[in-house]
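Asker: Below is a structure I'd like to ask you about.
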Amino acid sequence: MAPITYDIEIPSPVPAAKMYKAVVLDADTLIPKIMPQAIKNVEILEGDGGVGTVKLIHFGEGSQYKSVKHRVDALDTENLTHSYSIVEGDALMGGLESITYHVKIVPTEDGGCICKNRSIYHAKDGFELSEEKIKEGKEKAMQMFKAIEAYLHANPDA
């Protein structure tokens, strides 16, 4: 079955390097701190945080899922890009092989940035991923990004 791909772009007044640090490099500790209902904690199972690292993400009480295994596929701090895949867990809904995410933080002329996120769903044969589930995923990504943005505004030295 052909992968299902969608893109979202989220503008922000936060400088690109600061947003990249928060969204990518500090996410494992920052998101559980500011959104514990979404992510309870993150455990590194293999690796040092770089490419090839496998993490176990435990979702918070507010989530419909319990946990996922997440693999870092690429990490480029110079170009502000990050790719990772969900390779195991109940968020795959029994019908997905994996979900791959490509994140790029692009600086804007006004000193802010645009977060570009491409999600690629790799479905098993015969599995139909509903538009509703895709929309739900987009909304959760937007909420998380905006929560990080709000945290950075409230804590300019973070």
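The values are calculated or read from the model by the stated rules, or taken from the named source; none is laboratory data. In this text, all values refer to a predicted model and were calculated from it rather than measured experimentally. As a convention, Cβ positions derive from the backbone with ideal geometry for all residues, glycine included, and neighbour counts pool all protein chains shown.
Asker: Tell me yes or no: at least one residue of the range 9-32 is touching a Lys or Arg at 6+ places or on another chain (Cβ under 7 Å) and surrounded by fewer than 15 Cβ atoms within 10 Å (Cβ to Cβ).
Answerer: Scanning the range 9-32, I find at least one residue that is touching a Lys or Arg at 6+ places or on another chain (Cβ under 7 Å) and surrounded by fewer than 15 Cβ atoms within 10 Å (Cβ to Cβ), so the answer is yes.
Asker: Tell me the residue from Met1, Met93 that is surrounded by fewer than 18 Cβ atoms within 10 Å (Cβ to Cβ), over 14 Å from the mean Cα position of the chain (by Cα), within 22 Å of Lys133 (Cβ to Cβ) and in contact (Cβ under 8 Å) with a residue 60 or more places away in the chain, please. Break it down stepwise before answering.
Answerer: Working: Met93 fails: in contact (Cβ under 8 Å) with a residue 60 or more places away in the chain.
Of the residues listed, the single one that is surrounded by fewer than 18 Cβ atoms within 10 Å (Cβ to Cβ), over 14 Å from the mean Cα position of the chain (by Cα), within 22 Å of Lys133 (Cβ to Cβ) and in contact (Cβ under 8 Å) with a residue 60 or more places away in the chain is Met1.
Asker: Same structure, new question: Between a first residue in the range 25-42 that is modelled with pLDDT of 95 or more and a second residue that is among the polar types (S, T, N, Q) and outside any helix (DSSP H, G or I), which pairs have beta carbons less than 7 Å apart while being 6 or more apart in sequence or on different chains?
Answerer: Close Cβ pairs satisfying both conditions: Pro32/Asn41.
Asker: Moving to a separate point now. Can you tell which of Pro3, Pro15, Pro36 is out of contact with any Phe, Trp or Tyr (no Cβ under 9 Å at 6 or more places or on another chain) and within 21 Å of His102 (Cα to Cα)?
Answerer: Within the list Pro3, Pro15, Pro36, the selection yields Pro15.
Asker: Moving on to the next point. Taking the condition within 22 Å of Ile4 (Cβ to Cβ) and in contact with a Leu (Cβ under 7 Å, 6 or more places away or on another chain), does Tyr84 pass?
Answerer: no
Asker: Select the strands (runs of 3 or more DSSP E) contained entirely in the range 1-104, then report the ones holding at least 3 residues which are under 20 Å from Lys124 (Cβ atoms).
Answerer: Answer list for the range 1-104: 4-12, 67-76, 81-89.
Asker: Let me ask something else about it. Checking Leu92 against (1) at pLDDT below 95; (2) within 17 Å of Val23 (Cα to Cα), which single condition isn't satisfied?
Answerer: For Leu92, the failing item is (2).
Asker: Which of (1) free of Cβ contacts under 8 Å to residues at least 24 places away in the same chain; (2) not in a helix (DSSP H, G or I) does Phe127 not meet, given it meets every other one?
Answerer: So Phe127 meets the others, but not (1).
Asker: Hey, does the range 111-123 have a residue that's within 19 Å of Gln64 (Cβ to Cβ) and surrounded by fewer than 19 Cβ atoms within 10 Å (Cβ to Cβ)?
Answerer: No, the range 111-123 contains no residue that is within 19 Å of Gln64 (Cβ to Cβ) and surrounded by fewer than 19 Cβ atoms within 10 Å (Cβ to Cβ).
Every residue, every condition in (1) more than 15 Å from Ala27 (Cα to Cα); (2) of a type in the set (Val, Ile, Thr); (3) at pLDDT below 95, yes or no:
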| site | (1), (2), (3) |
| --- | --- |
| Lys55 | no, no, no |
| Asp76 | yes, no, no |
| Glu109 | yes, no, no |
| Lys124 | yes, no, yes |
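Asker: Scanning the range 126-153 for residues that are small (Gly, Ala, Ser) and modelled with pLDDT of 95 or more, which turns out surrounded by the fewest Cβ atoms within 10 Å (Cβ to Cβ)?
Answerer: Ala150
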